[in-house]
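Below is one structure, written out as structure tokens; comments come after it.
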Amino acid sequence: MPMSSYNIPIGPVHVVLEEPIYFKLQVEGETVVGLDINAGHVHRGIEFLTMQRNFYQNLTLTERVCSLCSNNHPFTYCMALEKLAGIEIPVRAEYLRTIADEIKRIASHLFNIGIIPHIIGFDSLFMHAMEVRESMQDLKESVFGNRMNLSVNTIGGVRYNITDEQSKYIVKTLENLKKPLAEITKICRTDASIRRRTEGIGVLPKDKAIAYGVVGPVARASGLPYDVRVVNPYAAYDKLTVYPAVEQNGDVFSRLLVRLQEAAESIRIIEQCLHDMPEGPTDLGYMPDIPAGEAIAKSEAPRGELIYYARTNGTPIPERIKWRVPTYPNWAALNVMMPGYKIADISVIIGSIDPCISCTER
Amino acid sequence: MIRFFKVILKNIIQGPSTIKYPFEDSPAPEKLRGKIVHNADACVACHLCEYVCAGGAIKMQESEDHQGIDFVVWHDTCTFCGLCEYYCPTKAIHLTNDYHTAHVQADKYNYVEKTFVKKQPCICCGEPMVPISPAMVEQIYGQEGDIRGLSKMCPQCRRKILWKGGVSKS
Ligand code: SF4
Ligand code: SF4
């Protein structure tokens, strides 16, 4: 072994975001040659807690597993229970769920779109992206009642409705978002300093992407057109057309581009929903009983495929709730993305998978 | 780079996007879920809100003198999820758009919404019971209300009256 090879610890405090994860990197000179991922710093035992609470309390609990994809947790949890109990939700509720989910996706993607320039030191673009994102936060606050936790889903439907006036407000806000989003996209695509720091960095080739089973924008940036909304439509997605964004290079830059395109696609999906949404009830009108059984449901969270498993025994408290979050397969793929790159690239590579540690460790 | 300078220039001309809270007011949208208020007159003490509350923020207990129910919402453990309001049959519990929840540490256990759901004597036997609120009466008996006065009776007396009246009379 040459003299210049040594181990460096990265984390667990403030690796990329304010979420703890610990990497033990083996480097040779400035180049990464191997890594160990050490997780578990924010394990809160949420899966265990769901088994101590009734089905309704768990709506609130699952929403608080994570912040940026908070809506997908109760959403998928409800879908699993509805499948288990054989509940058909009203069509309007399906559309309302889809709208809420896509608004969350835009806000989540814009966050990561801001974080990437921030990591490479382009803070003014970070600030600008966050300011643009603020319109989505305002939208969530006025339509759903909270900037992060929407409280949209319930077993058998949704807990909110939108009036014509609100529908116009959503359309207007999205319309106002289109121009700044196109502008940011153009800056990201053309700016030399962004491209220098992201192009050809953290490459995940297609075959490795398949081998590691990565999901979400990470998979789509490596040329895998896998999107649960398309291959396994749920809620109103079977009635909508969704074009997943796919890039081929598998580098940090491609993942950034995928998110930029998906944000624009989400605007289009919401517009479709608002246009097609039928009138009608938004929930069942009663609190359904959940029989004994087991079921599985999945959805496309902003970070990728989220799977929920539920097992019940006829009591109001679930026997087991288990979920698999998109970051789990994605962070394992860091083992491919990091070796061969410089220490200075580490944080942007981690940031590019948009990790959600609190989801993964729950 | 040039492209981004245009954005910066636009932002400079536009001025700051932030507000100087708390020196400047930040109005909350109508739907914002904030501090809870409870209307004891509309409450029928059904415990549904307590059942769905993940935060364990709602406590309902019979008062010591058995004259009513002490209803307490502890703001500090409420997650503002809105499930209680959503499932409350009479909407007696409501999340206002008041988000001002700062308070001193010494007050943390007193920072509650506290009401008293008063019992009334049953019109037949006089046993104290939680009255069915007007909002609930309208939901059950419709616009003209409860003409037989059943909602002012305790469950035992109500059963007796209904039995005497025969089961086929709807
Ligand atoms: S506030 Fe509503 S849900 Fe709670 S006990 Fe009263 S009536 Fe029932
Ligand atoms: S808003 Fe949610 S946490 Fe707060 S009291 Fe109601 S149910 Fe409990």
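The values are calculated or read from the model by the stated rules, or taken from the named source; none is laboratory data. Just so we're clear, the structure is a prediction, and the values are computed from it rather than from any experiment. Here the Cβ positions follow ideal geometry from the backbone for every residue, glycine too, while neighbour counts run over all protein chains shown. Accessible surface areas use protein heavy atoms only, side chains included; no ligands, DNA or RNA. Shrake-Rupley method; radii C 1.70, N 1.55, O 1.52, S 1.80 Å.
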Any chance you could count how many residues in the stretch A:304-329 are open to solvent by less than 10 Å² (accessible area, probe 1.4 Å) and in a loop (DSSP other than H, G, I, E, B)? 3
A:LYS172 vs (1) surrounded by 13 or more Cβ atoms within 10 Å (Cβ to Cβ); (2) at pLDDT 90 or above: all pass except (1)
Enumeration of residues in the stretch A:47-72 that are within 13 Å of chain B (Cβ to nearest Cβ), open to solvent by less than 10 Å² (accessible area, probe 1.4 Å) and part of a helix (DSSP H, G or I): A:THR50, A:ASN58, A:LEU59, A:THR60, A:THR62, A:GLU63
Out of A:ILE89, A:ILE120, sole residue that is more than 12 Å from chain B (Cβ to nearest Cβ), touching a helix residue (DSSP H, G or I) at 6+ places or on another chain (Cβ under 7 Å) and under 30 Å from A:GLY314 (Cα atoms): A:ILE89
Would you call B:PRO128 touching a residue at least 40 places away in the same chain (Cβ under 8 Å) and either over 30 Å from B:ASP76 (Cβ atoms) or within 16 Å of ligand 2 (Cβ to nearest atom) (or both)? yes
Which pairs do you get when a residue that is under 16 Å from A:ALA100 (Cβ atoms), found in the stretch A:247-269, comes within reach of a residue that is surrounded by 20 or more Cβ atoms within 10 Å (Cβ to Cβ) and of a type in the set (Phe, Trp, Tyr), reach meaning Cβ atoms under 9 angstrom, with the pair 6+ apart or on two chains? A:ILE269/A:TYR237
Subset of the stretch B:38-57, residues within 14 Å of chain A (Cβ to nearest Cβ) and either more than 6 Å from ligand 1 (Cβ to nearest atom) or out of contact with any Leu (no Cβ under 9 Å at 6 or more places or on another chain) (or both), comes to B:CYS46, B:HIS47, B:LEU48, B:GLU50, B:TYR51, B:VAL52, B:CYS53, B:ALA54, B:GLY55, B:GLY56, B:ALA57
With the structure loaded, tell me whether B:ASP107 is away from ligand 1 (no atom under 16 Å from the Cβ), exposed (fewer than 13 other Cβ atoms within 10 Å of the Cβ) and within 29 Å of B:ILE132 (Cα to Cα) or whether it fails that test. no
Hey, does the stretch A:97-119 have a residue that's among the hydroxyl-bearing types (Ser, Thr, Tyr), in a helix (DSSP H, G or I) and within 18 Å of A:CYS188 (Cβ to Cβ)? yes
Among helices (runs of 4 or more DSSP H) entirely inside the stretch B:1-96, those with 2 or more residues being closer than 27 Å to B:ILE132 by Cα are B:48-52, B:83-87
Taking A:ALA264, is it modelled with pLDDT of 90 or more, among the small types (Gly, Ala, Ser) and open to solvent by 20 Å² or more (accessible area, probe 1.4 Å)? yes
Kindly indicate which of A:ARG97, A:ARG64, A:ARG44 is basic (Lys, Arg) and over 18 Å from A:CYS359 (Cβ atoms). A:ARG97
It is to be established whether one or more residues within the stretch B:58-72 are within 14 Å of chain A (Cβ to nearest Cβ) and open to solvent by less than 90 Å² (accessible area, probe 1.4 Å). yes
A:VAL143 being surrounded by fewer than 19 Cβ atoms within 10 Å (Cβ to Cβ), farther than 19 Å from A:ALA301 by Cβ and of a type in the set (A, V, I, L, M, F, W, C): no
Applying the selection to the stretch B:78-96, what residues are more than 6 Å from ligand 2 (Cβ to nearest atom), at pLDDT 90 or above and open to solvent by 40 Å² or more (accessible area, probe 1.4 Å)? B:GLU85, B:TYR86, B:HIS94
Looking at the structure I just gave you, is B:VAL7 near ligand 1 (Cβ under 10 Å from one of its atoms) and either within 8 Å of another protein chain (Cβ to nearest Cβ) or surrounded by 14 or more Cβ atoms within 10 Å (Cβ to Cβ) (or both)? no
Helices (runs of 4 or more DSSP H) fully within the stretch A:132-213 counting 3 or more residues that are at the interface with chain B (Cβ under 8 Å from one of its Cβ atoms): A:164-190
Just to be sure before I move on: is B:THR101 more than 13 Å from ligand 2 (Cβ to nearest atom), away from chain A (no Cβ under 11 Å) and of a type in the set (Ser, Thr, Tyr) in the structure I sent? no
Mind listing just one residue for me: the one in the stretch B:31-54 that is charged (D, E, K, R) and in contact with a helix residue (DSSP H, G or I) (Cβ under 7 Å, 6 or more places away or on another chain) and, of those, modelled with the lowest pLDDT? B:LYS31
